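Values in this text are rule-based calculations from the coordinates and carry no lab data. Only a predicted model underlies this, so the values are computations on that prediction, with no experimental measurement involved. As a convention, Cβ positions derive from the backbone with ideal geometry for all residues, glycine included, and neighbour counts pool all protein chains shown.
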Protein chains: 4
Amino acid sequence: MTRETITSSRKRDHLIICCENPVEAGDAGFGDVRLVHNALPECDMDAIDTRTRFLGATLSSPLFIAAMTGGHPDTLEVNRRLARVAERYNLGMGVGSQRAALENPELEGSFTVVREEAPHAFLCANLGIIQLRDHGIEWAERAVEMIDAQAIAIHINSLQEAIQPEGDHNAEGCLAALRTLCEEFPYPVIVKETGSGISAETARAIRGAGASAIDIGGYGGTSWAKIERLRASDPRLAELGEAFLSWGIPTVVSLREVRKVGGPIIATGGLRSGIDIAKAIALGADLGGMALPLLKPAMESEDALLAAVDAIQRELEVAMFLTGSRTMRDLSNVRTYITGLTREMIETSD
Amino acid sequence: MTRETITSSRKRDHLIICCENPVEAGDAGFGDVRLVHNALPECDMDAIDTRTRFLGATLSSPLFIAAMTGGHPDTLEVNRRLARVAERYNLGMGVGSQRAALENPELEGSFTVVREEAPHAFLCANLGIIQLRDHGIEWAERAVEMIDAQAIAIHINSLQEAIQPEGDHNAEGCLAALRTLCEEFPYPVIVKETGSGISAETARAIRGAGASAIDIGGYGGTSWAKIERLRASDPRLAELGEAFLSWGIPTVVSLREVRKVGGPIIATGGLRSGIDIAKAIALGADLGGMALPLLKPAMESEDALLAAVDAIQRELEVAMFLTGSRTMRDLSNVRTYITGLTREMIETSD
Amino acid sequence: MTRETITSSRKRDHLIICCENPVEAGDAGFGDVRLVHNALPECDMDAIDTRTRFLGATLSSPLFIAAMTGGHPDTLEVNRRLARVAERYNLGMGVGSQRAALENPELEGSFTVVREEAPHAFLCANLGIIQLRDHGIEWAERAVEMIDAQAIAIHINSLQEAIQPEGDHNAEGCLAALRTLCEEFPYPVIVKETGSGISAETARAIRGAGASAIDIGGYGGTSWAKIERLRASDPRLAELGEAFLSWGIPTVVSLREVRKVGGPIIATGGLRSGIDIAKAIALGADLGGMALPLLKPAMESEDALLAAVDAIQRELEVAMFLTGSRTMRDLSNVRTYITGLTREMIETSD
Amino acid sequence: MTRETITSSRKRDHLIICCENPVEAGDAGFGDVRLVHNALPECDMDAIDTRTRFLGATLSSPLFIAAMTGGHPDTLEVNRRLARVAERYNLGMGVGSQRAALENPELEGSFTVVREEAPHAFLCANLGIIQLRDHGIEWAERAVEMIDAQAIAIHINSLQEAIQPEGDHNAEGCLAALRTLCEEFPYPVIVKETGSGISAETARAIRGAGASAIDIGGYGGTSWAKIERLRASDPRLAELGEAFLSWGIPTVVSLREVRKVGGPIIATGGLRSGIDIAKAIALGADLGGMALPLLKPAMESEDALLAAVDAIQRELEVAMFLTGSRTMRDLSNVRTYITGLTREMIETSD
Ligand SMILES: Cc1cc2nc3c(=O)[nH]c(=O)nc-3n(C[C@H](O)[C@H](O)[C@H](O)COP(=O)(O)O)c2cc1C
Ligand SMILES: Cc1cc2nc3c(=O)[nH]c(=O)nc-3n(C[C@H](O)[C@H](O)[C@H](O)COP(=O)(O)O)c2cc1C
Ligand SMILES: Cc1cc2nc3c(=O)[nH]c(=O)nc-3n(C[C@H](O)[C@H](O)[C@H](O)COP(=O)(O)O)c2cc1C
Ligand SMILES: Cc1cc2nc3c(=O)[nH]c(=O)nc-3n(C[C@H](O)[C@H](O)[C@H](O)COP(=O)(O)O)c2cc1C
């Protein structure tokens, strides 16, 4: 197998593993957060406005379809469904890492389908920070062009790199590459973790490099340590994945740290309902992204995906109604109770 | 079925569901509260005076029979028994929502029985805030007149409205309607939640509108999300009910928030013994209301109901004795220990 | 049955219930307390001096045999064994309530055996505060004389009075009776709870009345609510006992409150090892009393009782050694970690 | 059996018990500590430098092979394997107590093998503080010479002495002996607990006596109370061991207290992975020592031991990578979240 096909087939492996196994680990903290009920909401639930401004675009909902897939022919259908729903509901959507298609243009189809099916949607291209560093701004341009994206997400997955057989162990130069990109690139740059979260310190470094937004990618949802442990044939790597199962900053804790630094935020990692999205917004996020909860219905059928998105949107609207939030701005001002381990971690980090 | 009979038959459904299913969710917080024992109480338990002043009336006990039923012929017997016990023990009592009978006067019998059986009791009429807004002060007048009530409770059940098939999704204008009622109505107005609690902010809005008292209706007792989930034939509504099972402010937390705002308070939601009533009083409530714990014996027989009320009253008196409280005023000054999740939520909200 | 024999036979019932049933409830808090280990104790474990001054006497150990029994012929043997061990080890010992023998002098034998077997031991007479109030200082004198006691413990058991069929529900006048006794009585007066603990407020009242010492009798050990529930033939009283199973101030919490008020303290209620005694001393007690853990071996044989006391004493000495405490004074200065629910309750009460 | 052979055969017993039974008790606290993830580590995992300066030596890793064995012929092979790995990876290593060989030079072989197999490694001699006090500086000199050690660890095991049949119950004079040793001995002196931890107060005494370093030996790993309970044939000693199963200061808590006092620190007691070593360093330790996790593979084969050490080292490097630590100094500055019981204990002790 060539290098390219390794990357590509790994993409298919991931989808299958995610659908057939419990790939979540830990607790993102949403269970420790409660929105303060407003018994006199003084608003019309059916007129609630979930429109959200994000990086210059107006999305119909803060529900963001988080980066998941593409790069292997089998993933095309999944991306098609996700894109059709994004178009239909005017949701923001990220594609999975485009590395495979950048390495091997024959694989572009599983990405280009997204723009074909979602001509008006806000799309995020996706590139690993290692690939950015190694291939420079040119790959970022090609990634954006491939799907005619509005923005690019540069993802970081150091944990996965560290524990997977094919991992790149050298993270040097990533910050410099990021700074260059932010200075020279005509599109907004989102820096995105993929399951270990962003600390206050890292958020400052990212903002300092000039990024337009941060995607939390916190601990408590899909766990790459778990996925890599399942994939590992080498028992030593399986053991290593095991040892890092509880590594990372829970999404809620990370959100509170990043919020202090400022700038637009997508909260992903363990959001599992429209109520979790509402909590994320109240805690300071602009969008709430989901990957795993959309993956399973997306692999089933477009109808299943529509039903899932409908349910999430309904939960969000009910949560907004019950907190008296007509708009996302209202929701962002709702008071919360924070308890338990999440509270302890936040207090430690204050 | 006409609109009216839908409302009416729903009332009967509710009673049956409540008796045959576990319809409680969460934790009202009373387990996290401990009354400080007074080893030298210096009082006579048999002379303890549980009389309580509330909105100008003198009740023999702070145990309040919370609003439950009426509006369907099958509910008449339950209301009769509740009323007979209210009369016998001089307890305050609320009737269930009178909407069905206001829509269809033929159903008044299940409400008027209450005043017939309890000619001297302090009775609260009951009307939804939506009906108040839509039908104005006239319905409030008719509701009070129907049972010759001393006060009216305007109940709020936004969560239930949001997730039930027949729900009214528009809460606009409720506060204005409430303000008008409080200004023009000759009877005291109690604003009452039904399971999600009242926050400090909402309490200020309610007091600002001129209400005479607040009934907490906190989280942790009878759960309408759970009842609606059980009733739901549409799986999407069942799912929605499920998602909101943990929505609401626990009664104890709400009580502490509302107390800061001031005014008479009825604590309902998850009180399950006379000790819980004592805790509620020590935490700042004037009355402690119960619905579910009285419903089951009331559906059985008058004797069963009497026994239940006797047990609650005995527990209250023992708790007063052991805290050295001769009167309700003494009890309201008893020190408490507050721990656990309840404490964390209270600290968060301070 | 006459009044006297009721009191007497109840005493025998209690012993049997305590030996055949789990009669403990809740948590006294000792598991939440840890003594700070001293890795360099600089003392000789075999030379540790556990002598303790208490109300003018010098006891060989802070282990106090808490008031338990007497008043029924069957209890004589238990008291004999306890007394022989008290004499042998120079431990302080309390007898159970002497009411039965004061009511019916024929029953004195089960008490007088204690002084016969323990001619030199520090003995505490025992009288209920209700009996003190009703019969005055004369009964206190007779109680002390009966066993030639060094002090008298006036016990309070309001919870038990409130929930037992024969209970005295009127606690009025107790404080005045106590004040009179303290003023006029030639012996030291210890005020003693029996399972619900003493609050800071009550401790101030007791000290104000002139008592020489306080016996905590805290929550978390032998539970009279549980015992009365087991004894109750009337289901309503069983239910009432059930409702009050978690009533009371845990021993550790009570100890911290009473310590702030000052004066000698016996900590009883849920101490279950010599380590617990050491913790109680470090938290501010002068003696650590045990009832239930000594009752079972005492009902078995003198040897079993000796073995139990030896084990407790050994644990105490090891705990002293490992905290570098040569004397009780050293132990009383040992630092502790306090965590969990106990810590939360203490913080609430500060 | 002579005194010497008792000491010697006990050493073999310990190894067997440790391999065949669960000999750990409690929680060292590492689960309550989380390292703050650095999403942009800017370092090369394969170039991470785990070199650590300790008492003048440069070790290749902070992983320290904690004192375990020697003194019985059967232990020779275990020490040989540990030594070979120490030499190969340039790890610091402590031998077990040399008392048996000091008492009976025929047993020296199981110690001298260590220096034979590890000619360049940093080795710590090991002597009990009781033996130091009783035999003076001469035994310390012989212990160091026996293995040509770079330093000597004076271990303290008061808990074990207190509860084991052969235990020395007198700890008087230990501090003076330690002070003399520190003043006169040409080698660095490490004072080492063996499972109960060092408090702030004790750390001050140790530093005051002139010791060069402290080995925490905290609670939460191998438990001598548990081992002695398993060894005990006398049921009273078994019971005593049982009673002290939860005695001691958890390693993390102890580490925080000792760090406040200053000086080099080895953290041992319940470290179970390279991540735990990383946490210990971030919390203020210089080295992270392990006994039990290395004992089992060392008893199996050299290969098993190598694999275990490789896994630990890999975990440490990944943890360093994910916190952006190129060096141990970087790691020592990484921020941590501390929660749960550990946090409560630390707050209590502040
Ligand atoms: C199957 C799958 C593939 C993913 N691939 C990518 C990817 O290529 N690029 C990326 O930035 N994030 C990727 N993610 C991470 C998600 O975008 C998201 O940050 C993370 O899964 C946490 O969200 P969740 O708990 O809702 O799944 C992937 C997630 C899943 C489940
Ligand atoms: C069967 C049932 C019917 C109820 N109907 C009403 C109602 O019509 N109006 C109202 O204000 N509250 C109603 N409630 C709410 C109660 O008054 C009370 O606030 C709530 O149940 C919490 O108390 P609980 O936990 O003791 O049941 C009802 C409760 C029950 C159990
Ligand atoms: C069988 C039994 C009888 C008791 N009788 C008395 C009594 O007569 N007077 C008294 O002051 N306390 C009495 N107590 C209470 C004890 O003195 C003690 O305060 C209480 O049991 C808590 O200690 P423990 O948890 O170690 O049992 C009795 C306890 C027991 C177990
Ligand atoms: C089998 C065994 C023997 C030990 N012998 C000694 C010893 O002789 N001297 C010493 O200082 N510590 C000794 N220890 C204690 C360890 O050095 C270490 O402090 C303790 O076991 C805690 O680490 P762990 O939880 O990783 O085992 C021994 C530990 C084990 C498991």
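One table, with the values for the structure above:
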{"item": "Furthest towards positive pole of dipole, A:ALA162, B:CYS19, D:GLY288, structure part the protein assembly as shown, Cβ charges", "result": "D:GLY288"}
{"item": "Shielding by partners, peptide B:44-53 (average Cβ within 10 angstrom, other chains)", "result": "2"}
{"item": "Long-range HN-HN contacts of B:GLY289 with modeled amide H, under 5 Å", "result": "B:PHE64, B:ALA267, B:THR268"}
{"item": "Length-normalised contact order for chain A - Cα pairs under 8 Å, 6+ apart - percent", "result": "24"}
{"item": "Peptide A:316-329 - average C-beta neighbours from other chains (10 Å radius)", "result": "3"}
{"item": "Other-copy label distances relative to B:ILE6, 7 angstrom Cα-Cβ extension, nm", "result": "6.3, 6.3, 8.9"}
{"item": "D (Stokes-Einstein, µm²/s), Kirkwood Cα radius, the stretch C:31-153, 0.692 mPa s at 37 °C", "result": "210"}
{"item": "Shape metrics for the stretch B:3-349, restricted to C-alpha atoms - Rg then Dmax, Å", "result": "18.9, 60"}
{"item": "Pair D:ASP234, D:ALA176: separation of 7 Å Cα→Cβ label points (nm)", "result": "2.9"}
{"item": "At 7 Å out from Cα toward Cβ: D:ALA307 inter-copy label distances (nm, ascending)", "result": "4.7, 4.7, 6.7"}
{"item": "Sequence of A:MET146, B:MET345 once ranked by neighbouring C-beta atoms within 10 Å, starting from the fewest", "result": "A:MET146, B:MET345"}
{"item": "Fraction of antiparallel bridges per DSSP, chain B only, in percent to nearest 5", "result": "25"}
{"item": "Between the stretch A:77-112 and the stretch C:231-302, the Cα center-to-center distance that results, in Å", "result": "68"}
{"item": "Top of A:SER233, A:SER254, A:SER199 by mean-square fluctuation, Gaussian network on chain A, Cα under 10 Å", "result": "A:SER233"}
{"item": "Diffusion constant of the protein assembly as shown at 4 °C, which comes from Stokes-Einstein with the Kirkwood Cα-pair radius and 1.567 mPa s, µm²/s", "result": "36"}
{"item": "The stretch C:189-232: relative contact order as a whole-number percent, Cα under 8 Å and 6+ apart", "result": "50"}
{"item": "Relative contact order [Cα under 8 Å, 6+ residues apart], the stretch B:106-215, whole percent", "result": "25"}
{"item": "FRET E, pair A:GLU42, C:ASP13, Förster distance 60 Å, beta-carbon r, rounded to 0.05", "result": "0.40"}
{"item": "Signed unit charges on C-beta, dipole axis of chain C, positive-most listed residue C:VAL144, C:THR323, C:GLY94", "result": "C:THR323"}
{"item": "Average partner coverage of A:162-173, which counts Cβ from other chains inside 10 Å", "result": "4"}
{"item": "Order of C:ASP215, B:ASP286 - criterion: other Cβ atoms within 10 Å of each residue's Cβ, fewest first", "result": "B:ASP286, C:ASP215"}
{"item": "Chain C - charge dipole about Cα centre, Lys and Arg +1 at Cβ, Asp and Glu -1, debye rounded to 20", "result": "620"}
{"item": "Members of B:LYS260/B:LYS296; A:LYS279/B:LYS260; B:LYS279/C:LYS226; A:LYS11/D:LYS279 lying beyond 31 Å, as alpha-carbon distances in this model show", "result": "B:LYS260/B:LYS296; A:LYS11/D:LYS279"}
{"item": "Label-point separation in nm, B:GLU184 to D:SER332, each point 7 Å along Cα→Cβ", "result": "7.7"}
{"item": "For D:CYS18, A:CYS19, B:CYS182, D:CYS43, order by how many other beta-carbon atoms lie within 10 Å, fewest first", "result": "A:CYS19, B:CYS182, D:CYS18, D:CYS43"}
{"item": "Rounded to 5, percent antiparallel among DSSP beta bridges of the protein assembly as shown", "result": "25"}
